[in-house]
Amino acid sequence: MEYEIVLQIFSGGFLGETVLYETVEQKLNSVLPRLPVKKVIMGWSPGTTLYEKTAAFLAKKEIEFYLWLPVFSETGMIRAQSPLADFRGSVPERAVGHKNEDFSFCCPNDPQNLRNVIDIFEREFAGTPFTGVFLDKIRYPSFAQGQKSVFTCFCPHCQAKYRNENFDSDRLKDALSAPAPSPLGITAYRGNGAYSFEDNSISKFFALKAAFIFEGLKELCQYFRGKNLKIGFDVFAPFLSVFTGQDLPLLSGLCDFMKPMMYRITNAPAGLPFELEALLRETNGPMDSKKRLMYDFLGLDPDKKDVDLAFVVNEAVNLASSTACPVYPGIEINRIKNLAEVHPDYIEGTVRAYARAGIRSFVLSWDLLNAPPENIERVIDVIDG
């Protein structure tokens, strides 16, 4: 089984500075002759020149080129959007992230928010010969933005949908305030993001959120398929996905590949230890009990700072066996002080563990341009070896 590598390049946010094409070309020329790269993902700064030149460069090498495009966050920077609403009708706080990312999520049930994505694509990117689009932020906020952000949305659009589904939001409020030894009254983890809860109002709420995300993405994907574009999805790790409204096996039927963000040592949004800690912090109950039970459900060691490699690999293997599209785990290669302390030995251990489990397709995340040379060299050494 041969390796298949996908590169991810952050060109800048909607309002940030765009990287120069020469910088991108130089970096690609340094790695493409030495890595089996099949796809390059780049975005999402506006403009055409960078993408047109990159598309021409990659076409000569028969490498697919995907536009990295956020959906339910970031678009509010350049388009009016209707935000999420919590139980009280208030807008949740945004997460603290990269300076070029806003993390202000919008409601997936408001048609205008979907039209914004299409409008941005048509105005800024439609003229470039992309192979496909790589859709990011296809979710609700996680616990990193607090419990109030997770238990959204309660805007008029969503309230109408809840009524149609006979969903009782007052019962959900009661369930969240009730004492429970485990986070949200979880009683078991069944794999691929599926949990059992003591109160079915919580499980029904997350199921509805997943249905709303799916419905919105289905509409967007129909639009992009009409443009003869392939589609990739950026998604949370399976055991975290349910809390953000992502049913990964269901979503896999809409895309050509998905990249679960298996960021095992990243202390930032989507990083596994960061998100797991936020889940524990933002739910009711005594911390010692919550942590012990949650780690027991997942099969993790509560005394380890980082999420176990064996657990992460098993999550990816189980997901790949239940999806309708290929699964390319996202592996950190960039290094950011205090956020992503990624070094060559970590990369080697991760790649080798995946390979032993039969997974040899990866997305090197999340930004090739900021990856230390020694990290890239170690990827090359492992694959060559």
Note, Lys53: beta-carbon cut-off 12 Å, +1 each Lys/Arg, -1 each Asp/Glu, net -2
For the stretch 262-385, Rg(Cα) over 2.2 N^0.38 Å is 1.12
Output wanted: per-residue J couplings in Hz (rounded whole) for the stretch 241-255, from phi through Karplus 6.51 cos²θ - 1.76 cosθ + 1.60, θ = phi - 60°, x for Gly and Pro.
5, 4, 6, 10, x, 10, 9, 5, x, 5, 5, 4, x, 9, 10
Using just the C-alpha positions of the stretch 57-120 as equal point scatterers, what log10 of I(q)/I(0) does the Debye formula give at each q in 0.13, 0.14, 0.24, 0.29 1/Å?
-0.46, -0.51, -1.01, -1.26
Please work out the C-alpha center-to-center distance from the stretch 165-215 to the stretch 236-263 and express it in whole Å.
18
Among Lys53/Lys230; Lys60/Lys337; Lys161/Lys290; Lys173/Lys290, which pairs are too far apart, with a Cα-Cα distance over 28 Å?
Lys60/Lys337; Lys161/Lys290
Are there any GluC sites (Glu not before Pro) in the stretch 264-351 that are in a DSSP loop and have at most 15 other Cβ atoms within 10 Å? List them by number.
Glu341
Given 4 °C and 1.567 mPa s, how large is the Stokes-Einstein diffusion coefficient of the stretch 4-384 in µm²/s, with Rh as the Kirkwood radius over Cα pairs?
61
Using alpha carbon centers only, the stretch 308-339 is separated from the stretch 72-137 by a whole-angstrom value of 25
Built amide H within the under 5 Å cut-off of Ala340, gap 5+
Asn267
I want the antiparallel fraction of DSSP beta bridges within the chain, as a percent rounded to 5.
15
Helix-only [θ]222 nm of the chain, DSSP H runs n ≥ 4, -39500 (n - 2.57) each, per residue, nearest 500:
-12000 deg cm²/dmol
Total charge of the residues flanking Ala310 in space, meaning their Cβ is under 14 Å from its Cβ, with Lys and Arg +1 and Asp and Glu -1, is 0
Please give me the summed charge of the neighbours of Ile347: other residues whose Cβ is under 13 Å from its Cβ, Lys and Arg +1, Asp and Glu -1.
-3
Using a basic spin-label model with each label point 7 Å from the Cα along Cα→Cβ, how many nm lie between Asn338 and Asn164?
4.6
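Every number in this text was worked out from the coordinates using simple rules, so none of it is lab data. The model shown is predicted, which means the values in this text are computed figures rather than measured ones. Virtual Cβ from ideal backbone geometry, glycine too; neighbours counted across all protein chains shown.
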